[in-house]
Amino acid sequence: MATWWDLAYLIYTPWDVGEPPDELVELVENGTLKPCRILDIGCGTGTSVVYLAAKGFEAVGIDVSRIAISKAKKKARKNEVECSFHVIDFLNTAKLITKLPEPFNAVIDIGCLHSIPKDERKRYLTSLKSVTRFGSTFLLWAFLPASGRHQLRGPPGVSEIDVKRLFSKDFQIAARKRLDSDFRVMIFYSMKRASALEKRAKLSPENYRKR
Ligand SMILES: C[S@@+](CC[C@H](N)C(=O)[O-])C[C@H]1O[C@@H](n2cnc3c(N)ncnc32)[C@H](O)[C@@H]1O
């Protein structure tokens with residue numbers, strides 16, 4: 001898998017737009033997302049990590065591609081910011097917690113989960129839980145599955161139902177926003193890792209009755 005992404009980083013990376021997503025910038029600029037320890041899953045060439053580090057975050061980026069991480073390190077040096085990058089497959093939970101044992105207050109994923117095959121997404125959740133704590137923020141940008149002429153291009157995508165199924169036991173989806181483009185529809189989700197109490201409240205017989 002790393003080889004495929006490495007190859008992409010050598011020849012064609014249409015997603016690598018050189019700017020962090022607007023939604024991330026807005027949350028940082030309006031103070032909703034305050035400087036904290038933050039992880040970017042599938043950080044690519046590190047654009048968002050470098051932006052967050054410049055804003056005072058303790059920012060860490062991981063990616064399965066060595067070439068992407070090497071470009072990310074160069075970008076950080078050029079921008080003279082302090083942040084760290086690691087070549088790690090996010091689905092390898094054991095390696096992840098060995099390299100990054102301290103949990104993160106916030107985690108972002110801009111286009112990584114939507115590339116991961118459906119049968120491997122449970123491992124993604126296991127890893128996500130291993131790098132977060134109750135109350136941690138999780139921001140996800142993911143394409144919906146392709147339809148029509150776009151079916152042969154780009155990642156498989158993740159449906160909203162699949163996102164809910166995967167995360168709703170452990171994360172509360174606080175907000176979602178549809179981002180239309182000429183290519184595909186992307187959904188931005190803002191989630192918070194639910195505490196044991198919040199999870200119990202959600203599952204209480206009273207709440208079942210209210211449904
Ligand atoms: C569409 S790119 C997005 C890159 C970056 N987030 C951006 O917005 O420019 C998806 C990224 O996820 C990385 N990736 C894919 N599967 C991964 C995995 N299992 N663990 C870590 N990174 C992964 C790829 O190498 C690639 O850099």
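Values quoted throughout were computed directly from the atomic coordinates according to the rules given, and no laboratory measurement underlies them. None of these values were measured; they are calculated from a predicted model. Positions of Cβ are generated from backbone atoms using ideal geometry, with glycine treated the same way; all protein chains shown enter the neighbour counts.
Taken over segment 21-48, the residue count meeting the criterion of being closer than 20 Å to residue 115 by Cα and more than 8 Å from the ligand (Cβ to nearest atom) is 2. Checked against (1) exposed (fewer than 15 other Cβ atoms within 10 Å of the Cβ); (2) of a type in the set (Gly, Ala, Ser); (3) more than 18 Å from the chain's Cα centre (by Cα), residue 76 meets all criteria but (1).
For segment 124-147, the count of residues that are free of Cβ contacts under 8 Å to residues at least 60 places away in the same chain, surrounded by 13 or more Cβ atoms within 10 Å (Cβ to Cβ), in contact with a Ser or Thr (Cβ under 8 Å, 6 or more places away or on another chain) and more than 25 Å from residue 19 (Cα to Cα) is at least one.
Here's the yes/no breakdown for (1) under 22 Å from residue 134 (Cβ atoms); (2) surrounded by fewer than 17 Cβ atoms within 10 Å (Cβ to Cβ):
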| site | (1), (2) |
| --- | --- |
| 53 | no, no |
| 58 | yes, no |
| 63 | no, no |
| 91 | no, no |
| 95 | no, yes |
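In segment 73-93 there is at least one residue that is in contact with a strand residue (DSSP E or B) (Cβ under 6 Å, 6 or more places away or on another chain), more than 9 Å from the ligand (Cβ to nearest atom), in a helix (DSSP H, G or I) and touching a residue at least 24 places away in the same chain (Cβ under 8 Å).
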